[in-house]
Amino acid sequence: MTPALQLTHFTASSCLGQGIEPTLAALQQARSGLSPCRFESVELPTWIGQVAGVDAVRLPSSLQRFDCRNSRLALLALGQDRFDQAVRAAIARYGARRVGLYLGTSTSGILTTEIAYRQLDPVTGALPPEFDYAGTHNSFSVVDFVAQLFDLAGPAVAVCTACSSSAKVFAAAQRMIAADQIDAAIVGGVDSLCLTTLYGFHALQLTSRQPCRPFDRARDGLSIAEAAAFALLERAPQHPDDNAVLMLGAGESSDAYHMSSPQPDGAGALEAMRAALAAAGVSAGAVDYINLHGTGTPSNDSAESRAVTALFGDVTPCSSTKGATGHALGAAGALEAVICAIALQSSLLPGGLHRREPDPTLTLNYLDRNQGATLRCVLSNSFGFGGANCSLLFGRGARADR
Amino acid sequence: MSRLNAVITSVGLLGPGIRGWEDAREVLNGQRAYGGQRTVIPPAAALPPAERRRAGRVIHTALAVGAEALAHAGADAGTLPMVFASSGGDGDNCHEICVALAAEPRQISPTRFTNSVHNAAAGYWSIAHGCREASTALCAGDASVGAGLLEACAQLASGAGRVLLLCYDADYPPPLRAKQPVPDAFGAALLLQRAPAADRLATITLELSDTLPATAMSDTGLEALRRMIPAARCLPLLQSLARQRAGTVVLDYLRGVQLAIEVRT
């Protein structure tokens with residue numbers, strides 16, 4: 001069993017709002033943050049989850065080389081819920097060398113590159129001189145930006161396993177803390193809207209023309225979104241407060257099936273969930289709620305339903321919150337981890353939005369409406385292209401699970 | 001503070017003028033002069049034909065060095081967790097997408113989009129070898145080798161018996177090349193395990209250091225390689241394996257932080 005960690009601080013900015021309070025309010029009101037796509041010059045018949053106010057964010061003058069939508073989104077989120085202050089306090093407590101940085105992203109600041117390719121030198125074909133590859137395009141750019149923002153000197157890395165990226169950061173950080181290489185970790189995910197994902201998922205015919213409808217009989221694709229979500233992980237005290245949110249375990253697996261389609265029987269997803277329970281020493285019956293990957297594509301929801309049913313039957317309440325937030329891709333795992341933390345602390349099981357008619361072939365216990373109940377243990381699923389699966393188990397308080 | 005350890009049992013290697021670990025050994029231990037001919041990347045025999053066609057140079061590089069490390073150890077890929085580390089993924093693929101998005105009408109090939117994920121090599125590897133163990137794909141820019149070593153060793157410390165670490169990069173096409181001047185493809189795979197093994201190449205212990213300077217290669221050609229391709233930052237470690245020389249090598253990691261590796265043969 002892996003020793004539990006505590007999410008001592010956490011925050012999230014998504015199309016639901018900036019910080020925990022508006023996110024909780026939106027969940028309580030069953031309000032979606034999705035809107036018709038008007039992003040940049042994109043002309044696609046789809047809905048997206050766009051974070052308000054990103055364009056107005058300004059980076060510190062010494063870190064201008066990192067200026068791009070992804071860094072701005074990261075900075076916006078770090079300033080919410082006094083998360084930046086919590087990071088500085090952790091650095092003061094443990095030392096800059098002993099605080100790790102693990103962020104998930106799928107496209108980083110590639111929007112900057114996409115725009116730069118419209119501005120190639122007509123004679124030489126060169127990129128504009130101000131284009132900064134390492135500061136904006138590279139997957140590590142957002143990590144480097146946050147590391148320099150806080151003067152961190154410990155291990156720092158981007159985990160880039162597509163849509164499970166920022167779930168896997170929890171697992172990676174947990175290993176490094178367990179191995180006593182660090183005492184705390186900033187984990188999270190930052191993924192911002194760009195043309196590659198909007199046109200790419202459109203090319204794969206995986207975007208819906210309407211707000212996505214996870215687990216609906218006529219679901220027809222996802223709604224792309226952006227988000228930044230962060231948590232500060234530290235060793236859990238022996239007797240955590242009743243309101244403490246703990247990370248109990250992580251499970252990872254590979255589908256070994258197809259680059260962009262899940263295995264139809266959900267075997268890889270099932271293995272990830274099993275491994276998370278085993279890592280935490282928790283039985284399936286102890287899980288009170290499952291936040292599904294639930295993208296709203298026909299294949300994902302069908303495979304995930306099979307996997308969940310195989311392990312949990314049709315009993316455990318589940319929902320996808322992507323009808324509210326959209327699919328934040330590389331930030332989805334961390335965003336949904338924060339939603340799980342909010343659910344635990346608020347005793348709220350968020351219902352899934354936009355489902356009109358249940359799919360009779362998906363037999364899990366899907367919640368269409370919010371429910372109130374004391375939650376002790378919740379599971380969050382994230383599955384990515386390349387068959388990269390990760391399930392995270394979170395608990396509340398001293399008797400979180402067992 | 002406890003330190004991270006690993007037993008290295010085999011290596012796969014490919015790069016400019018390097019056609020595999022046995023070939024590289026002679027160069028790294030000074031038996032033969034280094035010549036930096038362009039990297040020859042063998043197509044991944046383990047991939048189904050459709051996937052083999054779709055995969056780009058960087059993916060073939062990763063799969064080639066991984067397969068070589070497995071072959072040397074006689075290991076079964078199906079049971080090995082994997083850590084993939086690359087400074088920048090598939091630049092050719094990214095370039096084609098950006099060109100398509102700058103044109104009208106904007107149309108991306110579905111395959112290009114699928115291959116654009118940083119974990120594409122991990123996905124192809126798991127399909128090629130039927131491996132359903134956990135995999136991760138890391139990027140720490142130029143520090144990706146160090147990040148991969150730390151992650152692989154942390155996995156061993158957390159209970160994994162063996163881990164396959166693959167570090168790889170390929171050159172970007174223009175105009176990106178001017179901004180990230182990686183000259184050629186380079187890949188290194190290390191098969192790591194927790195338990196002692198009689199047929200090991202070495203046992204290593206990792207430690208972060210802010211005082212020790214990175215170990216340079218004495219051969220000027222190899223030193224240029226180490227400096228120009230981020231994945232080649234592992235060369236000083238590979239040299240001590242090839243020479244079976246105990247001691248400490250220091251790999252370039254993050255700004256102001258190096259990875260000191262105590263090598264015991």
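The values are calculated or read from the model by the stated rules, or taken from the named source; none is laboratory data. If you're wondering where the values come from, they're calculated on a predicted model, not measured in any experiment. All Cβ positions, glycine included, derive from the backbone under ideal geometry; neighbour counts span all protein chains shown.
Only one of A:L120, A:L127, A:L198, A:L193 is under 26 Å from A:G17 (Cβ atoms), of a type in the set (A, V, I, L, M) and facing chain B (nearest Cβ under 10 Å). Can you tell me which? Before you say what the answer is, go through the steps one by one.
Details: A:L120 fails: under 26 Å from A:G17 (Cβ atoms); A:L127 fails: under 26 Å from A:G17 (Cβ atoms); A:L193 fails: facing chain B (nearest Cβ under 10 Å).
The match here is A:L198.
Among the residues making up the range B:5-22, a single one is surrounded by fewer than 24 Cβ atoms within 10 Å (Cβ to Cβ) and within 14 Å of chain A (Cβ to nearest Cβ): B:N5.
Scan B:A224, B:A202, B:A232, B:A214 and give me the residue that is of a type in the set (A, V, I, L, M), surrounded by 15 or more Cβ atoms within 10 Å (Cβ to Cβ) and closer than 27 Å to A:A96 by Cβ.
Numbers: B:A224 fails: closer than 27 Å to A:A96 by Cβ; B:A202 fails: closer than 27 Å to A:A96 by Cβ; B:A232 fails: closer than 27 Å to A:A96 by Cβ.
Every option except B:A214 fails the conditions.
Note on the range A:303-321: residues that are touching a Leu at 6+ places or on another chain (Cβ under 7 Å), closer than 21 Å to A:F385 by Cα and in a helix (DSSP H, G or I) amount to 4.
Scanning the range B:145-162 for residues being within 26 Å of A:F145 (Cα to Cα) and either of a type in the set (D, E) or touching a helix residue (DSSP H, G or I) at 6+ places or on another chain (Cβ under 6 Å) (or both) gives a total of 3.
Here is a check on your reading of the model: is A:T105 polar (S, T, N, Q), touching a residue at least 24 places away in the same chain (Cβ under 8 Å) and at the interface with chain B (Cβ under 7 Å from one of its Cβ atoms)? Taking the combined requirement at face value, the residue does not satisfy it.
Taken together, B:A143, B:A188, B:A122 contain a single residue that is under 27 Å from B:N5 (Cα atoms), buried (at least 20 other Cβ atoms within 10 Å of the Cβ) and more than 11 Å from every other protein chain (Cβ to nearest Cβ), which is B:A188.
Let's see how each residue does on (1) under 18 Å from A:F215 (Cα atoms); (2) touching a residue at least 40 places away in the same chain (Cβ under 8 Å); (3) touching a Phe, Trp or Tyr at 6+ places or on another chain (Cβ under 8 Å):
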position	(1), (2), (3)
A:V282	no, yes, no
A:V308	yes, yes, no
A:V315	yes, yes, no
A:L375	no, yes, yes
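The helices (runs of 4 or more DSSP H) located wholly in the range B:45-122 that include 1 or more residues which are of a type in the set (S, T, Y), within 19 Å of B:L176 (Cβ to Cβ) and modelled with pLDDT of 95 or more occupy B:57-73. Residues satisfying the criterion are present in the range A:218-238 (criterion: crowded, with 24+ Cβ neighbours inside 10 Å, more than 27 Å from B:C94 (Cβ to Cβ), among the charged types (D, E, K, R) and modelled with pLDDT of 95 or more).
Quick one: in the range A:141-183, of everything that is within 20 Å of A:T2 (Cα to Cα) and among the small types (G, A, S), which residue is nearest to the other protein chains (Cβ to nearest Cβ)?
Restricting attention to the range A:141-183, the residues satisfying the condition of being within 20 Å of A:T2 (Cα to Cα) are A:166-183.
Now drop any that are not among the small types (G, A, S), which leaves A:166-167, A:171-173, A:178-179.
Working: A:S166: 12, A:A167: 11, A:A171: 8, A:A172: 6, A:A173: 10, A:A178: 6, A:A179: 4 Å.
The qualifying residue nearest to the other protein chains (Cβ to nearest Cβ) is A:A179.
Would you be able to tell me the number of residues in the range A:180-227 that are free of Cβ contacts under 8 Å to residues at least 12 places away in the same chain and either more than 25 Å from A:F170 (Cα to Cα) or outside any loop (DSSP other than H, G, I, E, B) (or both)? Show your work before the answer.
Quick first cut of the range A:180-227, residues free of Cβ contacts under 8 Å to residues at least 12 places away in the same chain only: A:180, A:200, A:203.
Now restrict to residues that are either more than 25 Å from A:F170 (Cα to Cα) or outside any loop (DSSP other than H, G, I, E, B) (or both): A:200, A:203.
Of the residues in the range A:180-227, 2 are free of Cβ contacts under 8 Å to residues at least 12 places away in the same chain and either more than 25 Å from A:F170 (Cα to Cα) or outside any loop (DSSP other than H, G, I, E, B) (or both).
Scanning the range A:341-365 for residues that are under 16 Å from A:T316 (Cβ atoms) and part of a loop (DSSP other than H, G, I, E, B) yields A:P350, A:G351, A:G352, A:L362, A:T363, A:L364. Residues in the range A:229-254 that are in contact with a Gly (Cβ under 7 Å, 6 or more places away or on another chain) and either polar (S, T, N, Q) or in a strand (DSSP E or B) (or both): 8 in all.
Residue check: B:T203 meets all listed conditions (1) more than 14 Å from every other protein chain (Cβ to nearest Cβ); (2) in a strand (DSSP E or B); (3) under 14 Å from the mean Cα position of the chain (by Cα) but one, namely (3). Just one of the listed residues (A:A284, A:A334) is closer than 22 Å to A:L233 by Cβ and in contact with a Ser or Thr (Cβ under 8 Å, 6 or more places away or on another chain), namely A:A334. Restricting attention to the range A:365-398, and to residues there that are hydroxyl-bearing (S, T, Y) and crowded, with 18+ Cβ neighbours inside 10 Å, which single residue is nearest to the other protein chains (Cβ to nearest Cβ)? So the residue we want is A:S391.
Given the structure, is A:N243 farther than 20 Å from B:T136 by Cα and in contact with an Asp or Glu (Cβ under 7 Å, 6 or more places away or on another chain)? Talk me through it step by step, then tell me what you get.
Details: farther than 20 Å from B:T136 by Cα: yes; in contact with an Asp or Glu (Cβ under 7 Å, 6 or more places away or on another chain): no.
For A:N243, the condition - farther than 20 Å from B:T136 by Cα and in contact with an Asp or Glu (Cβ under 7 Å, 6 or more places away or on another chain) - is not met.
What about A:S260, is it of a type in the set (S, T, Y), in contact with a Gly (Cβ under 9 Å, 6 or more places away or on another chain) and assigned to a strand (DSSP E or B)? Judged against the criteria, A:S260 is not a match.
In the range B:125-140, the residue that is nearest to the other protein chains (Cβ to nearest Cβ) out of those that are of a type outside the set (S, T, Y) and in a helix (DSSP H, G or I) is B:I127.
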